[in-house]
Structure formats: C-alpha cells, structure tokens
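Encoded as structure tokens, the structure appears first; notes follow it.
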Amino acid sequence: MNGIPDVTDQEISALHERLSREAEEGGYHLNPDKVFVRGLVRGLIVNTKRYGYQSCPCRLAAGEKKADLDIICPCDYRDPDLAEYGACYCALYVSDEILAGRKTARSIPERRPPPEARTKPSLLGTTSVTLSLQYPVWRCRVCGYLCARDGPPDVCPICKAKKDRFERFF
Amino acid sequence: MRGAASGPVPVGAIFCLLALAAGLLLAGCTSNPTAPSGPQGANLPSYMVHVAGANDRGSVILIGRATCPWCQKDKALLSNLSVDYYWVDLNNLNNDETTQVISSVKFCPETDAVPILVIHGQECIVGYNETQIREALK
C-alpha cells in the first residue's frame, strides 16, 4: 500500500478527455486550468489503482468503498458546492462563471459531514405524498436525476455516476 | 476555509505522536509526550520530509497528498515564503499509519481533507487559504 502507483501521461490524457466530454454532455464543466486538472486526474487514477474506485484526490479515503461512496468522484457534494461556490471541493468541476474567467476557483470549506454525522440519508419515507406507482423511482445522489424503473441504471445518463450511487426515492 | 483551531497542543506532542505512529521512540517523548520540543535534531520518522527554508517559524508541518493540487499550492506558498517545514505525504503511508497521523492532529477543525497545515502544534489551517497562511506565518 506504500508509495504512489505509476501513472502515465497517456492515462492522464485519456481520463481527462473522457471526464471533459462527459462533463460537457451533462451540462458540467471541468476547470479550464489544464495543469491543475491534470494533477487532479492523476490523483483520481492513483486512487483507482489503490482502492479500486476513484475517490476524491483532496479527501482522505477510508479505503473501504462503502465508507467512501459519497466521495467517489463526482462526489455527493459537487452540485451543492457548484451552486454555492462555483466549484467542487477539489475545483475539478467549475461553474460557467469560472469557466468564462469572470471568477477564480479557490479553496472552499468542506461540506462533507464528520464521520459520526455521516449516516446515509435516505429520502425514502421523508415525503408525505402518497403515491401508487407502477415502478419505484430511483434518485442519483450525485446529480438528482430521477427515473422510474425496476432498478437503477448501471450508469447515470446525466453525470455518469455508477449504479451504487442511486437510492430509492419513491 | 474553517478558522484556526483553538486549544494549545504542545509542539512536542505532535512530533512524538507522529514519531510513535511510525513505531519510533524519540528522546524526550516516552517520559512526557506533551513536553514541548522541536523536531530539530530528533530522529524523525522517514515519512516526515524536511523542507529546508531560510525562514524558521518554529514547528510547521504540512500533511497532505502529493496527488492533491491544493497541497501543491500550499507547498509552493511555503517555499515562496522560504518557510522551513516538514512535509508528510499520506500517499506514502499505509492505512494504519494514516489513521495514527490523523489522530495526532484531531484538534484540527477537520481532518478528512487535505492539506492540513499545523503551525506550532496548535494552529491548524485545513485547505489552501493563502491569506490565512500568510497571516499565521508572519
């Protein structure tokens, strides 16, 4: 577990290109500072090689997927941070304003709750609406995408988060 | 970022705890782990990399990850200020060592994110905050 796994420039370029494309397709933007982003992408690859999933490069992973689900990039906190600060915690994802150079990405406060308060919030049962649905409704915890089907999709069509980031909404 | 932490933790405690995390016993650490003592000349754990600087502000430790760009910004700022400090790259630690190092700085306002800059064992700046770091290292 010691040391940093090797990462090639090609690996970084390939993931950078894919993340950039997927971000734009979903209405998100990567930070225009390419050197900065390559540093983050390298961190994502290192974490993937180390843990088996791409946990946030700027947070400490527990090394256990279940405990780190909320900080697998894109993290559960990206969208609220984009709305409030114009960038996610790492500043990998940025707002239109930062992309256009009208604002600068900066280090922002940590939104992730401390471990003792980090219970998985389930939205199930929090609504007072009583519905009789033919299918259950699943919510992507990363971007809020909703879909009605027997089970969640393998990959969120909006933000590309994987199946395990979905929770049953109704 | 969150403000500086309150509540003094003697400088020596941090070094002793970091050292103990690596299984080393430093002189002065076993009898009184909270005795104030600096790192200079001590037999520090190998993961504490000394970054020499002309500006000795006392005990300054930066805990982070080489793969985190904000940590690199912290390092660049410290170098720019010629601060003499110790760098701990969590990438080089196993899970147990990481837990122990983080436990030694539990007085920080948050310890789930990096960079964590510990100044004099009692002030803690989490995240890259140039203004706050410059102010703390005046």
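Worth a mention:
For (1) more than 20 Å from B:Asn95 (Cα to Cα); (2) touching a Gly at 6+ places or on another chain (Cβ under 8 Å); (3) not basic (Lys, Arg), each residue gets a yes or a no:
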| position | (1), (2), (3) |
| --- | --- |
| A:Val41 | yes, no, yes |
| A:Lys66 | no, no, no |
| A:Tyr85 | yes, no, yes |
| A:Arg111 | yes, no, no |
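- Residue match in the stretch A:94-107 (condition: within 14 Å of chain B (Cβ to nearest Cβ) and at pLDDT 90 or above): yes
- Picking from residues in the stretch B:100-138 that are hydroxyl-bearing (Ser, Thr, Tyr) and closer than 22 Å to B:Pro69 by Cα, the one that is farthest from the other protein chains (Cβ to nearest Cβ) is B:Thr131.
- When restricted to residues that are assigned to a loop (DSSP other than H, G, I, E, B), touching a strand residue (DSSP E or B) at 6+ places or on another chain (Cβ under 7 Å) and more than 9 Å from every other protein chain (Cβ to nearest Cβ), the stretch A:49-71 contains 3.
- Conditions (1) assigned to a helix (DSSP H, G or I); (2) at pLDDT below 95; (3) among the hydrophobic types (A, V, I, L, M, F, W, C); (4) closer than 17 Å to A:Tyr28 by Cα; number of the one not met by A:Val46: (4)
- Residues that are polar (S, T, N, Q) and more than 14 Å from chain B (Cβ to nearest Cβ), drawn from the stretch A:1-46: A:Thr8, A:Gln10, A:Ser13, A:Ser20
- Boolean, A:Pro74 is more than 11 Å from chain B (Cβ to nearest Cβ), at pLDDT 90 or above, under 18 Å from A:Val94 (Cα atoms) and within 13 Å of the chain's Cα centre (by Cα): yes
The values are calculated or read from the model by the stated rules, or taken from the named source; none is laboratory data. A quick note: this is a predicted structure, and the numbers were derived from the prediction, not measured. Neighbour counts run over all protein chains shown; Cβ positions are idealised from the backbone, glycine included.
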